[in-house]
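Every number here is computed from the coordinates shown, using simple stated rules; none is lab data. Only a predicted model underlies this, so the values are computations on that prediction, with no experimental measurement involved. Every residue, glycine among them, receives a Cβ derived from its backbone with ideal geometry; neighbour counts consider all protein chains shown.
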Amino acid sequence: MVSISFWAAGDSPLRSREGEVALSAMKEILEAIARAPIKKQAVTNHRVLNEAYSYARPSSFSRGMRIDLNGLAILLISGTASVDEDGKSVHVGDLRAQTRRALDNISGLLESEGCTWHDVVRTTCYLRDIDRDYEVFNEVRTAFYLEQGLDALPASTGIEAKLCRSELLVEMEAIAMFQTQKQGSDDSRPQAAGAEFGRPAGGQVPP
């Protein structure tokens with residue numbers, strides 16, 4: 001059992017009856033979340049990328065992880081780069097095209113779980129040479145966000161890093177959050193996408 005305490009100081013409105021009711025409701029919600037079972041499943045979309053072909057089997061990561069917690073879904077998208085559905089690096093030497101492909105690959109992973117970039121709350125962006133490439137990378141990312149109509153923009157961190165393939169110039173992670181049930185409804189977003197793409201649900205293709 002999780003114990004959650006609330007307090008208010010001075011003449012805060014939280015001392016009013018309405019405030020007490022609101023705090024009581026919030027406490028019930030938080031305690032329900034704390035008690036709820038956590039469900040996890042791998043995220044994949046082999047129509048857009050699957051670099052598992054280039055790694056020793058079994059590969060040691062999933063393309064992403066979905067966590068369902070009492071009506072809230074959290075998607076943790078692994079580092080995603082300019083890699084195609086056959087696991088090959090594409091747009092070698094072209095930072096603009098690599099950035100766009102990475103963003104499109106993330107779009108496909110989000111779509112496989114029934115959400116969009118509007119559900120993304122944070123990204124982490126890895127650049128091989130941040131001094132040289134950040135300006136161009138940011139131009140492409142900004143144009144993409146404008147296409148998506150994002151407002152507000154996701155939180156983000158930019159990091160210079162040596163990526164896993166020498167030809168890759170950029171890699172991105174993303175975190176998305178969305179409600180799986182409308183209030184007062186049992187309707188939910190898709191729970192798994194493996195069958196839709198003719199593959200088992202999970203991070204990698206079996207040998």
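Just to confirm the filter: which GluC sites (Glu not before Pro) across the stretch 144-176 are DSSP coil and have at most 16 other Cβ within 10 angstrom of their Cβ?
Working: sites: Glu147, Glu160, Glu167, Glu171, Glu173; in loops: Glu167.
Hits after loop and neighbour filter: Glu167.
Report, by chain and number, residues whose modeled amide H sits under 5 Å from the one on Gly64, excluding near sequence neighbours (fewer than 5 apart, same chain).
Answer set, sorted by chain and number: Val43, Ser78.
I'd like the Karplus ³J(HN,Hα) series for the stretch 98-105: coefficients 6.51, -1.76, 1.60, θ = phi - 60°, whole numbers in Hz, and an x wherever there's a Gly or Pro.
So the J values, rounded to whole Hz, are 5, 4, 5, 5, 4, 5, 5, 5.
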